[in-house]
Amino acid sequence: MTSQPIRSPVRIIGIDPGLRRTGWGVIETEGNRLAYIACGSVEPPDDLPLANRLLAIHEGLAAVLADHRPVEAAVEQTFVNKDGVATLKLGQARGVAMLAPAMFGISVAEYAPNQVKKTVVGAGHAEKSQIQVMLKILLPKAEPPSADAADALAVAITHAHHRQSTALRLKVANL
């Protein structure tokens, strides 16, 4: 699980985990240039048992990884709310979202929601509509079909901007 050099083209998948919709977005970066590749979401049926929903998320992400072949991945960290049960279930979806790229040998970085917003919009408490406006500027060809896909593209952009420092932290942690 190694990072690519900063100056060669690097394909990155961003993942916004969720039990109803897990958004994904693939971009390519070379230096400061960003290029949109694809985005979408994995949406398991609501009536499936939890284990089967997690399996559907895994299979959907595995298909995206096989189709688009990213070399780095970034996942949004779980937002902890007052409902402990909901947070725990979201954490399980997040675990699947981290497992899928790891099974392909892809390094996985994690970013807090406020860091994603600050990187893309410039403010850590930005609204979703502000993120979508900035996505149109940063990735003009992108037309995310859902807010989850837009969030996943924002996670990928965040990783593109912070990947050098993230790679250094991972290297130091593995020493």
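The values are calculated or read from the model by the stated rules, or taken from the named source; none is laboratory data. These figures come from a predicted structure and were not determined experimentally. Ligands, DNA and RNA are excluded from the accessible area calculation, which covers all protein heavy atoms including side chains. Shrake-Rupley method; radii C 1.70, N 1.55, O 1.52, S 1.80 Å.
Using a Cα distance threshold of under 17 Å, what count of lysine pairs results for the chain when pairs must be 8 or more residues apart or interchain?
Working: Lys117/Lys128; Lys117/Lys136; Lys118/Lys128; Lys118/Lys136; Lys128/Lys136.
Total qualifying Lys-Lys pairs in the chain comes to 5.
Determine the percent antiparallel among the DSSP beta bridges restricted to the chain, to the nearest 5.
Approximately 65 percent, going by the DSSP bridge assignments.
At 222 nm, what value in deg cm²/dmol follows for the chain if DSSP H runs of at least 4 each add -39500 (n - 2.57) and the sum is divided by all its residues, to the nearest 500?
Values: 5 runs with 85 residues, N = 175.
Rounded to the nearest 500, it is -16500 deg cm²/dmol.
In percent, how large is the relative contact order of the chain, given Cα pairs closer than 8 Å and 6 or more residues apart? Don't jump to the answer; show the numbers that get you there.
Values: 331 pairs, mean separation 53.5, N = 175.
After rounding, I find 31 percent.
Running a GNM on the chain with Cα contacts under 10 Å, which residue among Val85, Val120, Val96 ends up with the highest mean-square fluctuation?
Result: Val85 has the largest fluctuation of those listed.
So how do Arg163, Arg11, Arg33, Arg69 rank on accessible area, 1.4 Å probe, biggest first, that is with the largest at the start? Before the final figure, lay out each step's value.
Details: Arg163 15, Arg11 65, Arg33 115, Arg69 165 Å².
Greatest to least solvent exposure: Arg69, Arg33, Arg11, Arg163.
Please give the solvent-accessible surface of Asp47 in Å², to the nearest 10, using a probe radius of 1.4 Å with every protein chain present.
Probe radius 1.4 Å; accessible area of Asp47 about 130 Å².
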